[in-house]
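Engineer: One structure coming up, written as structure tokens, with questions to follow.
Here, each number is a calculation from the coordinates, and none is a lab measurement. The structure presented is a predicted model; accordingly, all values stated were derived computationally and were not measured.
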Protein chains: 2
Amino acid sequence: MKISTRTRYGVRLMFELALFNGVKGISLKDIASNEGISEKYLSQIIIPLKARGLVISFRGPCGGYALARDPSEISLREIVEILEGGLSILDCLNNSSLCKRSTKCPTRGVWELLNSKIIQTLEAVTLRDLVEESLNKPRDSFTYSI
Amino acid sequence: MKISTRTRYGVRLMFELALFNGVKGISLKDIASNEGISEKYLSQIIIPLKARGLVISFRGPCGGYALARDPSEISLREIVEILEGGLSILDCLNNSSLCKRSTKCPTRGVWELLNSKIIQTLEAVTLRDLVEESLNKPRDSFTYSI
DNA sequence: ACTTATCTTATAGTTTTAGTAGTGAATGGT
DNA sequence: ACCATTCACTACTAAAACTATAAGATAAGT
């Protein structure tokens, strides 16, 4: 029941892109610097986010990444789902053939309920919400070579 | 964001004890047989549940385990919390000293919200609820040497 | 050309998970 | 007293997941 570092970093990465939405390309180098995360690690994390169409990239000097959609159109559910490799807290919830007990399993109900609450909660929050919330909080100096 | 096998098994174990609430001792052997789980593994899982006072034990022949409280007084939150080693989806939520960014972290809010929803959902379900729900479902033949 | 930055593939160390094995200690029935 | 049963405790291990790091290739702007 832990959120992986990978997912946490990925959300912070997406937050940075949302913060500078409209700018053509924000480099991982800058994001890594601002967020204090290894650039190499971020480059791994962003791969599935790009593959699933949340992010677009530009190569070369002044290149970098940008959100593929408006921040208000990207929910935390999408991001976490991609980075966690699905949002099912149990494999048997998606694929009932994995467990022959599924039809009579007395505990299945709770897990289904919990799973739907998690999805529902994450679905309700978008990158835009994170950006708006961040306006009320202090932020360290940051460097973006825009 | 996965529920561990350990926790799933633990909940099924507690469900079995709830099902036979009132009986002095249900042996792990029987539970293991009914649920199709390794008895040795169950004996590991039940240790923290006993240590935290959810379960009491009786040794010797006709010994076994029983719930320490009424099933309606034992929530899934308690069980999952014990078996997962806490219910915090991020260590920094409980212990903000772990992260110097905590006061200005723009993503902290979502994780706090998600965490509270999870706790709230699990808190609302008790072992009694599981037993009641199970009455509507078919159950395989089972062997309890009561 | 040269620099910047993404893209791709491989790898490696650490931690967690999911068990198994063996021994010891208490208890109740005969 | 003996014996089978059941919990109690300690140690170990194989496999998987997690958290990165490294090196070279590719593309684009100046």
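Engineer: Work out from phi, with θ = phi - 60° and the Karplus expression 6.51 cos²θ - 1.76 cosθ + 1.60, the ³J(HN,Hα) of each residue of the range B:132-138, listed in order in whole Hz, and give x for Gly and Pro.
Structural biologist: Per residue, the Karplus-derived 3J(HN,Hα) values read 4, 5, 5, 5, 8, 10, x Hz.
Engineer: Checking the a/c ratio against 1.5 first, then a/b against b/c, what shape does the Cα gyration tensor give for the range B:31-146?
Structural biologist: Prolate, since a/c reaches 1.5 and a/b exceeds b/c.
Engineer: Taking chain B as the reference, fit the longest principal axis to its C-alpha atoms, fit the long axis of helix B:108-123 to the helix C-alpha atoms, and give the angle between the two in degrees, 0 to 90, nearest 10.
Structural biologist: 20
Engineer: Return the sequence-ordered ³J(HN,Hα) values of the range A:5-15 in whole Hz as given by the Karplus equation 6.51 cos²θ - 1.76 cosθ + 1.60 applied to θ = phi - 60°, using x for Gly and Pro.
Structural biologist: For the range A:5-15, the Karplus curve yields 4, 3, 5, 4, 4, x, 5, 5, 4, 5, 4 Hz.
Engineer: Now, a different point. Only helical DSSP H runs with n ≥ 4 go in: add -39500 (n - 2.57) per run for chain B, normalise by residue count and round the 222 nm mean residue ellipticity to 500 deg cm²/dmol.
Structural biologist: Taken over chain B, the calculation gives -15000 deg cm²/dmol.
Engineer: Once you've got the Cα coordinates, tell me which of A:K50/A:K100; A:K29/A:K117; A:K29/B:K117; A:K40/B:K117; A:K24/A:K137 are over 30 Å apart.
Structural biologist: Result: A:K50/A:K100; A:K29/A:K117; A:K29/B:K117; A:K40/B:K117 exceed 30 Å.
Engineer: Once both axes come from the Cα atoms, what is the angle between helix B:39-51 and the longest principal axis of chain B, in degrees from 0 to 90, rounded to 10?
Structural biologist: 60
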